[in-house]
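Trainee: Below you'll find the structure I mean.
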Amino acid sequence: MEKISDALLYERVRGKDKDALEELYDRYEKMLFSYLCKMTGDRDLAEEALQEVFVKVWRGVGSYDESKGKFVAWLVTMSRNAAVDLIRKQKKPSVPLDEIAEVESTDSSVEETAEWQEKSEQIHQAVRHLSEEQQKMVHLFYFKGYTHETIAEKCGIPLGTVKSRIRLALKKLKTSLQMVQEGGVLDDKREL
Amino acid sequence: MTNVNCDQLIDYLNGTLNEQEQKQFEAHLAECPECREIVDATGELPYLADPVEPNTGMKSRILDAVFDEEEHPASLAEERTKRDSPAPPATMAKRGFRTSKWTPLVAAALLVSLLGNAYAFYELSDQPDAPAAPEVAFETVDLQASEAFEGTGTAALVHEEGALNLLVQANQLEPTSGDQVYQVWLLKDGQPIPTGAFTPSQENEGAVFFSLDENTEGWDTIAVTLEPNRGNTMPQGEIVLSAAIDPEA
Ligand SMILES: [Zn+2]
């Protein structure tokens, strides 16, 4: 049976279909939770952020449609912003919790792990094609929970410059990711 | 970036557009494949994180809250207020263990051996009919970074048999130069005593263990400063990390 698209599930969520919300939750729980753990360095805070995201999805806050890009990207943006808010409210410094994955037992299916590995390899490969400065921008914006204002402040760079650097970094990420996904062997020297 | 709307992409991703700007940019997204593809690429960024297994019972907690929200719109706010209130020391200790923030292996091993008794206490205290626990109080706190400092840290304080053991661990530290050291201080009513110093490793991590045999009570603050040299009895450098601690713990 063909897997129902995220967009279609979201339509059903808008019609208050609880099963559809649960299906979306199941699809993205691990991905978003892993991301939020890395960003907040705190499992409880990550859970709180994830809850806020799905509360918003259920209540139709900032509704999604396909003209806004992929559903998962929309979820990631909401997750990032929920975590940024929570970190700010708690004034909690973010701590990397890289060891969590090792400490916790894994009961994930082989299939999921294989998919994760593939996705992870792709994005890691794509990121390697960014300059150090660009990688830093992506890291600060997406994994440190910094707003662009904070980055400007901490790095002593004008806000406008920070914005265009993040944009350029993401644009390059997009291009290299597309090439990696298309299976093309990416030549390291090639200018993207 | 000729189109002025493309410039708003980062504000859009940052959630800082006002309602009208948001609508306008969303209309732009529908028209601009480049912005949309950039947005799509950000959807893959979570795979840069290591996979983490969800918290036990998380799914039902979240779905309950989500569907409950419908009937009681205030519940989320209430929940937040509850969680924002300070946790009792026992809970803090548990959190410290569960999330295991101790990156350097040495520090982790040290903590485990040091806390042999404390850990047993923690295990026992989960059982209502546990026999009397040994006299061990354990507190962990996250250290708050000062403005413009990018490092993070955690401190554990263990009162055991009349001694106060202190373990501080920090990472993402700025490298030191010359004789500079990161110096840990305990403070009581604004009066500091030095409690160990360290320099960051190549991975920009550092840890220090310190044990006090007397004057173990009543400390209210822990701080880390960046000192120009080792051995200062009063801080000369700026505070980079600090946290309030419970004097009763
Ligand atoms: Zn555009």
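Trainee: Please compute the length gained on full extension between A:S131 and A:Q181, using 0.36 nm multiplied by the number of residues separating them and subtracting their Cα-Cα distance.
Mentor: 16.0 nm
Trainee: In whole Å, how far is the Cα centre of the stretch B:150-213 from that of the stretch B:1-40?
Mentor: 45 Å
Trainee: Mind ranking A:S131, A:S176, A:S120 by accessible surface for me, highest first, 1.4 Å probe?
Mentor: The ranking, largest first, comes out as A:S131, A:S120, A:S176.
Trainee: From other protein chains only, count the Cβ atoms within 10 Å of every residue's Cβ in A:68-80, then give the mean.
Mentor: 6
Trainee: Using 20 Å as the cut-off for backbone N distance, which residues of the stretch B:25-69 belong to the label zone defined by a point 7 Å from the Cα of A:K3 along Cα→Cβ?
Mentor: Taking a point 7 Å out along Cα→Cβ of A:K3, the residues of the stretch B:25-69 whose backbone N falls under 20 Å are B:40-54.
Trainee: Keeping all protein chains in the complex and leaving out DNA, RNA and ligands, what accessible area do you get for A:K172 with a 1.4 Å probe, in Å² to the nearest 10?
Mentor: 40 Å²
Trainee: For A:F54, what accessible area in Å² do you get when you roll a 1.4 Å probe over the heavy atoms of the protein chains, rounding to the nearest 10?
Mentor: Near enough 0 Å² of accessible area.
Trainee: May I ask you to find the residues of the stretch A:115-134 that are shielded by at least 30 Å² of accessible area once the whole protein assembly is considered instead of their isolated chain (probe 1.4 Å)?
Mentor: A:W116, A:K119, A:I123, A:H124
Trainee: Please report how many Lys pairs in the stretch A:128-181 have alpha carbons closer than 18 angstrom, counting only residues at least 8 apart along the chain or sitting on separate chains.
Mentor: Lysine pairs satisfying the spacing and distance rule in the stretch A:128-181 number 12.
Trainee: Kindly write out, for the stretch B:226-240 in residue order, the coupling ³J(HN,Hα) from the Karplus curve 6.51 cos²θ - 1.76 cosθ + 1.60 (θ = phi - 60°), rounded to whole Hz, with x marking Gly and Pro.
Mentor: Karplus-based 3J(HN,Hα) across the stretch B:226-240 equals 9, 8, x, 7, 6, x, 5, 8, 10, x, 10, x, 7, 6, 10 Hz.
Trainee: Tell me: how much accessible area in total is hidden between B and A, 1.4 Å probe, Å², nearest 100?
Mentor: 7400 Å²
Trainee: Which far-off residues, 5 or more places away or on another chain, put their amide H under 5 Å from the one on B:L241, with H placed in the peptide plane?
Mentor: Here the answer is B:S146, B:V224, since their amide H atoms fall under 5 Å of that of B:L241.
Trainee: Under a point spin-label approximation (7 Å from Cα along Cα-to-Cβ), what is the B:E214-B:S60 distance to one decimal in nm?
Mentor: The answer from the label model is 5.6 nm.
Trainee: Okay, next question. Just grab the label-to-label distance for B:R230 and B:Q191, each label 7 Å out from Cα along the Cβ direction, in nm (one decimal).
Mentor: 2.8 nm
Trainee: With θ set to phi - 60° and the Karplus curve 6.51 cos²θ - 1.76 cosθ + 1.60, what are the ³J(HN,Hα) couplings of the stretch B:18-23 in order, to the nearest whole Hz, using x for Gly and Pro?
Mentor: My calculation for the stretch B:18-23 gives 6, 3, 5, 4, 4, 4 Hz in order.
Trainee: Between A:E121 and A:D85, with labels modelled 7 Å along Cα→Cβ, what's the label distance in nm to one decimal, could you check?
Mentor: Output for this residue pair reads 3.8 nm.
Trainee: Across the residues of A:30-43, average count of Cβ atoms on other protein chains within 10 Å?
Mentor: 5
Trainee: Output wanted: per-residue J couplings in Hz (rounded whole) for the stretch A:58-73, from phi through Karplus 6.51 cos²θ - 1.76 cosθ + 1.60, θ = phi - 60°, x for Gly and Pro.
Mentor: 5, 7, x, 6, x, 5, 9, 8, 5, 5, 9, x, 6, 4, 4, 5
The values are calculated or read from the model by the stated rules, or taken from the named source; none is laboratory data. The model shown is predicted, which means the values in this text are computed figures rather than measured ones. Counting neighbours? That spans all protein chains shown, and the Cβs are built from the backbone with ideal geometry, glycine included. Remember, those area values only see protein heavy atoms, side chains included, never the ligands or the DNA or RNA. Shrake-Rupley method; radii C 1.70, N 1.55, O 1.52, S 1.80 Å.
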